[in-house]
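Take a look at the structure below.
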Amino acid sequence: MAPYASKAEKLARFGLVTVCLLVLLFLIIPVLVIIPLSFNSSSFLTYPMDGFSLRWYEELMSSQEWRQAFKNSFIIAPAATALAMIFGTLASVGLCRGNFRFKGVIMAFLISPMIVPLVIVAVGLYFFFAKLQLLNSYTGLVLAHAMLGVPFVVITVNATLQGFDNNLSRAAASLGAPPLTVFFKVILPLIAPGVISGGLFAFATSFDEVVVTLFLSSPSQRTLPLQMFSGIRENISPNIAAVATIMVILSVLMLLTLEVLRRRNEKLKVKQQ
């Protein structure tokens, strides 16, 4: 606050900060509450805790079903993220550098998986993949999750390309560099923060997906969120709290990575200017 601010302005600022803190606590307290319960020695998700124990993490690692769910998630999510980053980056570069009719329609079509309800997407993919015989396969799950991740890559890369100086690529082309060399040596390094940010969002989307996976996967291809959903529906176990804690830690790491990339992107913009 400026030193000459009036009492009304200071009071308004204090009220705004208070409301923001209350909203933040409302959003984050349910997440923080589950973490101590994962270390509870009791067999019930209740407070107060009976004692500190790692038994639920040990049971998690010793369970064949949970190990298979972890394996499936770490197979499908990285593969879907890689495809989403490739397709989303190419689509964004083509949309930003090209000048053609119906560009807005194509952009709306690319981000439609973010808008259309997941149940509708899942039903459509179910019937479409059934004709292609891709149901109950890792290929079908990877393609479906990649489709859900592409919009995030398109949006972040498109935002990064808005501040891209096209004179750099023109200069490289004037020096004899072919288009592929211009892309990999000039364009891609500068838009890398946007590509990686979109990839992180795509990874989080794939890693957290339940509805589409429920329609397309077989019992042996249950991902971690689907296994959690089944566990909550059949029997609420502290194992769920342990898995939730692991996923919270992964989310925090991704947020920290996004913050590092954001700062790097700002430094690159300053250097370009």
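Results, tabulated for the structure shown:
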| item | result |
| --- | --- |
| Pairs where the first residue, in region 241-253, is closer than 12 Å to Phe39 by Cα and assigned to a helix (DSSP H, G or I) and the second is modelled with pLDDT of 85 or more and not aliphatic (A, V, I, L, M), C-beta under 6 Å, 6+ apart | Ala242/Tyr57 |
| All helices (runs of 4 or more DSSP H) inside region 13-118 with 3 or more residues being surrounded by 11 or more Cβ atoms within 10 Å (Cβ to Cβ) and not polar (S, T, N, Q) | 55-62, 64-97, 103-110 |
| Every residue from region 225-240 that is touching a residue at least 12 places away in the same chain (Cβ under 8 Å) and surrounded by fewer than 17 Cβ atoms within 10 Å (Cβ to Cβ) | Ile236 |
| Candidate set: region 201-224, residues that are of a type in the set (A, V, I, L, M) and crowded, with 22+ Cβ neighbours inside 10 Å; chosen: the one modelled with the lowest pLDDT | Leu224 |
| Unmet requirement for Val243, which otherwise passes all of (1) surrounded by 14 or more Cβ atoms within 10 Å (Cβ to Cβ); (2) within 16 Å of the chain's Cα centre (by Cα) | (2) |
| Number of the exception - Glu209 against (1) within 15 Å of the chain's Cα centre (by Cα); (2) among the acidic types (Asp, Glu); (3) part of a helix (DSSP H, G or I) | (3) |
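Here is a yes/no grid of residues against (1) modelled with pLDDT under 90; (2) among the polar types (S, T, N, Q); (3) closer than 16 Å to Val211 by Cβ:
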{"site": "Ile120", "(1), (2), (3)": "no, no, yes"}
{"site": "Gln162", "(1), (2), (3)": "yes, yes, no"}
{"site": "Pro179", "(1), (2), (3)": "yes, no, no"}
{"site": "Val186", "(1), (2), (3)": "yes, no, no"}
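The values are calculated or read from the model by the stated rules, or taken from the named source; none is laboratory data. Since this is a predicted model, take the numbers as computed values, not measurements. Quick reminder, even Gly has a Cβ in these numbers, built from the backbone with ideal geometry, and neighbours come from all protein chains shown.
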